[in-house]
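Asker: Pasting a structure below so you can have a look.
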Amino acid sequence: AQTVTQSQPEMSVQEAETVTLSCTYDTSESDYYLFWYKQPPSRQMILVIRQEAYKQQNATENRFSVNFQKAAKSFSLKISDSQLGDAAMYFCAYHERGSARQLTFGSGTQLTVLP
Amino acid sequence: SAVISQKPSRDICQRGTSLTIQCQVDSQVTMMFWYRQQPGQSLTLIATANQGSEATYESGFVIDKFPISRPNLTFSTLTVSNMSPEDSSIYLCSVGIGGHRNQPQHFGDGTRLSIL
């Protein structure tokens, strides 16, 4: 079974600085997707960024980028120029391509942005 | 991206009662999914709801406790039956959008349920 591990329950960053959130996963599959979701206190789950395992190039979305290391099964999220609105719980998630089974989530990292 | 509306957004219920949560999508989707997020926890998949067939439940979740309907390609309901305080959670529906029909990417705003 696939597992997703987020080893940092809490992180903090100064406004305008950069922070990296860690995620590792375990799978025997070679074709899958990885995601980072953001959940602010409003509880809405917001897709931040996604990575397809067969693509070597790291995904980027504005201030958000990932460092995808397939061999190491690592998928970290870098937030540049952190803003107060980035404060939220961040979840790493895995999905096997073509599978009917759904997202497997990590335990989450609570990010605090300090003014 | 799709607009996913979930109702109610929150509710406080008495022990032993049941509550039905609705999930409406503004486009047709093949698969809809229901998740539970217990306080301070991550999301756990309850079941997958396909239109025209029985929902597929994950280990630890049963139809008698969480009956699901999927009458068409834009709507689903989840009922939490015979509620107890342990059912206090956020319940979220999600759908897959675009070319990856079986890949949920978008979530509703969730229903925060508290049982007294």
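The values are calculated or read from the model by the stated rules, or taken from the named source; none is laboratory data. Quick caveat: nothing in here was measured; it's all calculated off a predicted structure. Here the Cβ is made from the backbone with ideal geometry for all residues, glycine too, and neighbour counts use every protein chain on show. With ligands, DNA and RNA removed, areas are computed over all heavy atoms of the protein, side chains included. Shrake-Rupley method; radii C 1.70, N 1.55, O 1.52, S 1.80 Å.
Asker: Amide H neighbours of B:Gln105 under 5 Å, counting only residues 5+ apart in sequence or on other chains, H built in-plane at 1.01 Å?
Answerer: Amide H neighbours of B:Gln105, under 5 Å, 5+ apart: B:Val95, B:Gly96, B:Ile97.
Asker: Read phi for every residue in segment A:49-60 and hand back ³J(HN,Hα) as whole Hz from Karplus 6.51 cos²θ - 1.76 cosθ + 1.60, θ = phi - 60°, with x for Gly and Pro.
Answerer: 6, 9, 10, 9, 4, 7, 9, 7, 6, 6, 6, 9
Asker: Now, a different point. In chain B, what cysteines have no partner Cβ closer than 4.7 Å?
Answerer: By the Cβ distance rule, which asks for a partner under 4.7 Å, the isolated cysteines are B:Cys13.
Asker: Give, in whole angstrom and from largest to smallest, the semi-axes √(5λ) of the equivalent ellipsoid of segment A:3-114, with λ running over the eigenvalues of the Cα gyration tensor. Before the final figure, lay out the partial values.
Answerer: Working: eigenvalues 109, 42, 29 Å².
That gives 23, 15, 12 Å for the three semi-axes.
Asker: Give me the accessible area per residue for the protein assembly as shown, probe 1.4 Å, as a whole number in Å².
Answerer: Roughly 47 Å² per residue, with all protein chains present.
Asker: I've got another one for you. Return the average number of partner chain Cβ atoms within 10 angstrom of each residue Cβ along peptide A:41-50. Show your work: numbers first, answer last.
Answerer: Numbers: counts 0, 3, 11, 7, 13, 2, 7, 0, 0, 3.
Counting other chains' Cβ atoms within 10 Å and averaging over A:41-50 gives 5.
Asker: Using alpha carbon centroids, what distance separates segment B:1-27 and segment A:41-115, in Å?
Answerer: Taking the Cα centre of each part, segment B:1-27 and segment A:41-115 sit 26 Å apart.
Asker: Roughly how big is segment B:4-115's charge dipole about its Cα centre, with Cβ charges of +1 (Lys, Arg) and -1 (Asp, Glu), in debye to the nearest 20?
Answerer: That gives segment B:4-115 a dipole magnitude of about 100 debye.
Asker: I would also like to ask the following. Keeping every protein chain in place, order A:Asp31, B:Asp26, A:Asp86 by accessible area at 1.4 Å, biggest value first, i.e. largest first. Write out the running numbers ahead of the final one.
Answerer: Details: A:Asp31 55, B:Asp26 95, A:Asp86 5 Å².
Descending order: B:Asp26, A:Asp31, A:Asp86.
Asker: For segment B:8-89, which trypsin sites (Lys or Arg not before Pro) are both in a DSSP coil and crowded by at most 14 other Cβ atoms within 10 Å? Please report the intermediate quantities before stating the final value.
Answerer: Values: sites: B:Arg10, B:Arg15, B:Arg36, B:Lys65; in loops: B:Arg15, B:Lys65.
When the trypsin sites (Lys or Arg not before Pro) of segment B:8-89 are filtered for loop state and at most 14 Cβ neighbours within 10 Å, B:Arg15 remain.
Asker: At 1.4 Å probe size, with no ligands or nucleic acids counted, give the accessible surface of B:Leu73 in Å², nearest ten.
Answerer: Per-residue accessible area (B:Leu73): approximately 60 Å².
Asker: Ok, one more. Just the number, please: buried accessible area between B and A, total of both chains, 1.4 angstrom probe, nearest 100 square angstrom. Present the calculation step by step, with values, prior to reporting the outcome.
Answerer: On the way: alone 6200 and 6470 Å², together 10840 Å².
Chain pair B/A: roughly 1800 Å² of buried accessible area.
Asker: Leaving ligands and nucleic acids out of the surface, order A:Ile46, B:Ile21 by accessible area at 1.4 Å, largest first. Let's see the in-between values first.
Answerer: Details: A:Ile46 65, B:Ile21 0 Å².
Highest to lowest solvent-accessible surface, that is A:Ile46, B:Ile21.
Asker: Turning to a different aspect of this structure: Using the Karplus curve 6.51 cos²θ - 1.76 cosθ + 1.60 with θ = phi - 60°, work out ³J(HN,Hα) for each residue of segment B:63-75 in order, rounded to whole Hz, and write x for Gly and Pro.
Answerer: 5, 5, 8, 10, x, 10, 10, 8, x, 8, 7, 10, 8
Asker: Each residue of segment B:44-59 in turn: what ³J(HN,Hα) in whole Hz from Karplus with 6.51, -1.76, 1.60 and θ = phi - 60°, glycine and Pro shown as x?
Answerer: Once θ is set to phi - 60°, the couplings for segment B:44-59 become 10, 6, 8, 6, 10, 10, 9, 5, x, 9, 5, 5, 9, 9, 7, 4 Hz.
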